[in-house]
Amino acid sequence: MKTVSVKSGRPSALAEFWYYFSRNKGAVIGLVIFLFVLFLAIFASVVAPHNPDVAYGSDMQRLPPAWVQGSNNSFLLGTDANGRDLLSRLIYGTRFSLFIGLVVASLSALAGILIGLVAGYVRGRTDTIIMRIMDIILAVPSLLLALVLVAILGPGLTNAMIAISIVNQPHFVRLTRASVMTERDKEYVIASRVAGAGSLRLMFKTILPNCLGPLIVQGTLAFSAAILDAAALGFLGQGAQPPTPEWGTMLADSREFFQSNPWLVTFPGLCILITVLAINLMGDGLRDAFDPKLKRS
């Protein structure tokens, strides 16, 4: 007698995720743009036509883009005030921006999830103290608080990332706490507790995996916010320091030429705008894919 294996008609988790994610066309566009930016960051040394730190002489300073009269075809987007290729610096800038976003989002998420998990599970006085500290951090404008922290730690890319991580952390704390409070009294958690599971197992293996959906979405928002905050600190001279090809620092170096050579600030500004917009669009798609209410609609 032959046995016939019947495959389940239920799609895989990855196929289901992609179905709901791809329904948001903006999210797909954001994903394509992000993958292109990621490609540039990984292969910057191959894609960039020139060395981003090499100045090509006083006669090559502030050259306009190749389609403008008086340009040099060797420099597609022109050169900066020091005679360095603007396109190459923008391409290398993707490395710094994505690195900043990744490190800041990871640090913020790690610390915020741990603190929020403790606050939501333990409750009581511990919860009150943690949330009042988070409220104090949120009460101060994020950029102002980041500036104060960088002023204490000292200007530089590393200290800027630490400051931005501290500023973004309360969002993860509040979101994790709310999710844990929703899950901790559900039947599956009570059953695990009755079965003898300890507090750490309940927190990290039982409750936390069921809270990851909104936290992943928050991670994309923290990623884009970190890029914006780092660019703002770089523009104010408190982030990455020259000659680092970071987009905010490039804006700061070129602000005095805004009227005479507008392309020097236009292109770095567009890079920040497009990258942050793409990541936010991806965040919308992730929300659609992870939110069960939207799946039922």
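Values in this text are rule-based calculations from the coordinates and carry no lab data. It should be emphasised that the depicted structure is a prediction, and the values quoted were computed from it without experimental measurement. Heads up, the Cβs are rebuilt from the backbone with ideal geometry, glycines too, and the neighbour counts pull from every protein chain shown.
Simple spin-label estimate for ILE190 and ILE152 gives 4.4 nm between the two label positions (7 Å along the Cα-to-Cβ direction from each Cα). Comparing Cα centroids, region 254-291 and region 119-186 end up 26 angstrom apart. For region 177-270, the set of GluC sites (Glu not before Pro) satisfying both a DSSP loop assignment and a count of at most 14 other C-beta atoms within 10 Å is empty.
Could you check how many percent of all C-alpha pairs in region 82-158 are farther apart than 13 Å? Walk me through the numbers on the way to the answer.
Details: 2280 of 2926 pairs.
Summing the P(r) tail past 13 Å for region 82-158 gives 78 percent.
The trypsin sites (Lys or Arg not before Pro) of region 185-236 that meet both conditions, a loop assignment by DSSP and at most 14 other Cβ atoms within 10 Å of the site Cβ, are LYS186.
On average, how much area does the Cα convex hull of region 148-261 cover when viewed from any direction, in nm²? Working shown, then result.
Working: hull surface 38.0 nm².
Its Cα hull, projected and averaged over all orientations, spans 9.5 nm².
Ordering 69-76, 119-126 by mean Cβ neighbour count within 10 Å, with the highest value first, yields 119-126, 69-76. The magnitude of the dipole of region 223-297, with charges of +1 and -1 set on the Cβ of Lys/Arg and Asp/Glu and taken from the Cα centre, is near 380 debye. Packing, taken as the mean count of other beta carbons within 10 Å per residue, orders the peptides 210-219, 105-114 from highest to lowest as 105-114, 210-219.
Using Cα springs under 10 Å in a Gaussian network model of the chain, which residue among LEU90, LEU221, LEU153 shows the largest mean-square fluctuation? Top of the fluctuation ranking is LEU153.
With the alpha-carbon atoms as the only input, what is the per residue convex hull volume for region 1-127 in Å³?
Values: hull volume 33.6 nm³, N = 127.
Convex hull of Cα atoms, per residue: 265 Å³.
3J(HN,Hα) along region 204-210, derived from phi through the Karplus expression 6.51 cos²θ - 1.76 cosθ + 1.60 where θ = phi - 60°, amounts to 8, 9, 9, 8, 4, x, 8 Hz, with x in place of Gly and Pro.
Proximity of backbone amide H atoms, modeled 1.01 Å from N, is registered between THR79 and ARG62, LEU63, LEU86 at under 5 Å, excluding neighbours fewer than 5 places apart on the same chain. The modelled label-to-label distance between VAL46 and LYS25, using points 7 Å beyond Cα along the C-beta direction, is 3.3 nm. Put a dot 7 Å past the Cα of SER12, heading toward its Cβ, do the same for LEU236, and the two dots end up 4.7 nm apart.
What the Cβ-Cβ distance of PHE258 and ASN72 gives, at R0 = 30 Å and to the nearest 0.05, is a FRET efficiency of 0.85.
Along the axis of the charge dipole computed for the chain (Cβ charges of +1 for Lys and Arg, -1 for Asp and Glu, origin at the Cα centre), the listed residues ALA252, ALA191, MET134 are led at the positive end by ALA191. Of the residues ARG184, ARG287, ARG95, the one that moves most in a GNM of the chain with alpha-carbon contacts below 10 Å is ARG184.
For the chain, what does the helix formula give at 222 nm: sum of -39500 (n - 2.57) over DSSP H segments with n ≥ 4, over the residue count, nearest 500 deg cm²/dmol? Intermediate values should be presented prior to the final figure.
Values: 12 runs with 197 residues, N = 297.
Roughly -22000 deg cm²/dmol at 222 nm, from the helical runs in the chain.
The smallest convex shape that holds all Cα atoms of the chain, its convex hull, gives 200 Å³ per residue. Report, in whole Å, the centroid distance computed from the Cα atoms of region 203-234 and region 49-75. Computed from Cα coordinates, the inter-centre distance equals 39 Å.
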